[in-house]
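The values are calculated or read from the model by the stated rules, or taken from the named source; none is laboratory data. Only a predicted model underlies this, so the values are computations on that prediction, with no experimental measurement involved. Positions of Cβ are backbone-derived with ideal geometry, glycine not excepted, and every protein chain shown enters the neighbour counts.
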Amino acid sequence: MTDLARRAAWWQRGIVYQVYPRSFQDTNGDGVGDLEGIRRRLDYLAWLGVDAVWISPVFPSPMADFGYDVADYCGIDPLFGTLADFDALLKDAHARGLKVILDFVPNHTSDRHPWFIDSRSARTSARRDWYIWRDGRDGKSGPLPPNNWLSHFGGPAWTFDEASGQYYLHSFLRAQPDLNWRNPHVRAAMHDVLRFWLERGVDGFRVDVIWLLIKDEALRDNPPNPAWQPSQPEIARNLQVHNADRPEVHEVIAEMRAVLDRYAERVLIGEIYLPLARLVTYYGENLGGAHLPFNFQLLETAWRAPAIARLVQDYEQALPPGGWPNWVLGNHDRPRIAARVGAEQARVAAMLLLTLRGTPTMYYGDEIGLAQVAIPPEAVQDPWEKNEPGLGLGRDPVRTPMQWDAGAQAGFTDGARPWLPLAAHHRDCNVAALQDDPRTILSLYRALIDLRRRRSALSIGDFRLVGATESVLVYERALGDERLAVALNFGAEPQPLPDAVAGLQVLLSTRLDRAEALDKPLLRPHEGLVLGPRLA
């Protein structure tokens, strides 16, 4: 390992693996995953070679949005276990060299959180201003919402409270009232929450919808979106100008970062769905914002070599000096990569994710090639799908149980039924079936992770675009004297490679079946290669 590699932070060198806890491993037979299940699968994560596990919310919650409606930020929901279970998981993860990142949901609470119950009790409540309450506008048949803001889950973003005669703001479900981050008492309380978990030893936070935390103080109407179509979510009807990405949010993030900076080697990750030019501002002034503003551009970019090349170049150029890049192929809200690009290209996607410059985040199940799982109407759980049916917005298909073996419930649960259906092919698509076969996508992920760990150029080296044709993307990763090339075929036909890689040794193919020197460079259909100097 070079001196530069030693100086790099763990979150720069490492790989983050997202676990959706309801769907990873159930140990008590209720069909829902739990903390003990994650603990029992730590050996698998260590075997795979990832460096950190990011756990979606496990706090006490009525589960209106499956944990993103928090009723207590300093506890564990009994569905998932206890604080003692969490401590045991954290201890065992650290014993295996794995970091633990918690999901932090600061934009809103549950409407059953004690803070909101107090806030709702009277206009004179000391916590009234902890949330965003406003009088309605006059209407012919009664008060109208304060403005035209819409919920991300459909419908108005305001709910009228009969008892107090005011509306409260909720950017998502009405059961998820928004906190008022302009209130210093809210900030102080949430900083205490961060410290509670940092003192327990967590290694960082992924901050939910961080770009929404501050709203326009005057609550001005959002302008209409002239490009909106009825086939799109209702939230897209207006441009999110006054309820998102407000300038004052950067002060809030800087204060969060200052809390983390009092602890050694912690990471702050922000969920941000914004164009690149706005995304990179979340690194903050003098890099005092989020360490990693999540880069979701691969989720929305056309799966073609020229488009990916432009994206990578644009992102690299937009980064502030010293800003560390990151890449995401999938998460609990977006369609799985294997569903978007197909099984063959899912292997190319794996190589892209794990060889680009920056921190990669993997989503559980992608490493076994898990695609979208069909959810029959009677099994739908997602409140967004229920609120806006028929638009294909449901997130259940990407949150289905992890498939561990060929058993009746894929090794996920001993109970009669998991909370969401399994994939129809789960007897073939599971860890046990793929783990010992040297040619599977699971073996590819493990080989890529191992190569990335052994070759520092892949983890912290520089990036240089070599070229992109209609089907082929070629780039170089370099650190000191180490030079590696990555060549990816996004097409279904064999493709020649540039002379620049002639004579290089194949270090890894997405097919896991070649290790020769490329005297006549050729990429097979849907193949990716990592190439290095000819071995002696």
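Some notes on this structure:
- In this structure, LEU512 does not satisfy being assigned by TED's automatic domain parsing to the domain that holds HIS526 and in contact with a strand residue (DSSP E or B) (Cβ under 7 Å, 6 or more places away or on another chain).
- When VAL207 is tested against the conditions (1) closer than 12 Å to ILE253 by Cα; (2) surrounded by fewer than 15 Cβ atoms within 10 Å (Cβ to Cβ), the lone failure is (2).
- The range 356-381, subset touching a residue at least 60 places away in the same chain (Cβ under 8 Å), assigned to a loop (DSSP other than H, G, I, E, B) and touching a helix residue (DSSP H, G or I) at 6+ places or on another chain (Cβ under 6 Å), residue surrounded by the most Cβ atoms within 10 Å (Cβ to Cβ): GLY369
- Residue within the range 246-268 that is in contact with a strand residue (DSSP E or B) (Cβ under 9 Å, 6 or more places away or on another chain), part of a helix (DSSP H, G or I) and within 30 Å of PRO389 (Cα to Cα) present: no
- Sub-7 Å Cβ pairs linking a first residue in the range 256-281 that is closer than 19 Å to ASN295 by Cα to a second residue that is of a type in the set (D, E, K, R) and not in a loop (DSSP other than H, G, I, E, B), at least 6 apart or interchain, are LEU268/ARG257; ILE269/ARG206; GLU271/ARG206; LEU276/ASP314, ordered by first then second residue.
- Exactly one residue out of SER171, SER164 is within 24 Å of the chain's Cα centre (by Cα) and hydroxyl-bearing (Ser, Thr, Tyr): that is SER171.
- Test: residue in the range 405-423 that is over 24 Å from THR27 (Cβ atoms) and assigned by TED's automatic domain parsing to the domain that holds PRO233: no
- Lone qualifier among ARG439, ARG399 - being at pLDDT 95 or above, closer than 21 Å to VAL19 by Cα and of a type in the set (Lys, Arg): ARG399
- Some residue of the range 327-337 being over 15 Å from the mean Cα position of the chain (by Cα), in contact (Cβ under 8 Å) with a residue 24 or more places away in the chain and surrounded by fewer than 22 Cβ atoms within 10 Å (Cβ to Cβ): no
- Those residues of the range 285-297 which are crowded, with 21+ Cβ neighbours inside 10 Å and of a type outside the set (Phe, Trp, Tyr), in sequence order: GLY289, ALA290, HIS291, LEU292, PRO293, ASN295
- If you check ASP65, ASP87, ASP92 for being closer than 24 Å to GLN381 by Cα, among the acidic types (Asp, Glu) and in the same structural domain as ILE253 (by TED's automatic domain parsing), only one passes: ASP65.
- Among residues of the range 75-95 that are over 16 Å from PRO21 (Cα atoms), those with a Cβ under 9 angstrom from a residue that is surrounded by 19 or more Cβ atoms within 10 Å (Cβ to Cβ), sequence gap 6+ or separate chain, pair up as ALA84/ILE76; ASP92/ARG39; ASP92/LEU98; HIS94/VAL100; HIS94/ASP203.
- Candidates LEU448, LEU512 - the one that is surrounded by 22 or more Cβ atoms within 10 Å (Cβ to Cβ) and touching a residue at least 24 places away in the same chain (Cβ under 8 Å): LEU448
- Single residue of GLY75, GLY31, GLY14 found to be surrounded by 21 or more Cβ atoms within 10 Å (Cβ to Cβ) and assigned by TED's automatic domain parsing to the domain that holds GLY323: GLY14
- Criterion violated by ASN148 - all others in (1) polar (S, T, N, Q); (2) surrounded by fewer than 17 Cβ atoms within 10 Å (Cβ to Cβ); (3) touching a residue at least 24 places away in the same chain (Cβ under 8 Å) satisfied: (2)
- Some residue of the range 172-183 being assigned to a strand (DSSP E or B) and not assigned by TED's automatic domain parsing to the domain that holds LEU279: yes
- Lone unmet requirement of (1) without any contact (Cβ under 8 Å) to a residue 60 or more places away in the chain; (2) not in a helix (DSSP H, G or I) for ARG439: (1)
- Residues of the range 399-420 that turn out to be in contact with a Phe, Trp or Tyr (Cβ under 8 Å, 6 or more places away or on another chain) and aliphatic (A, V, I, L, M), as a count: 2
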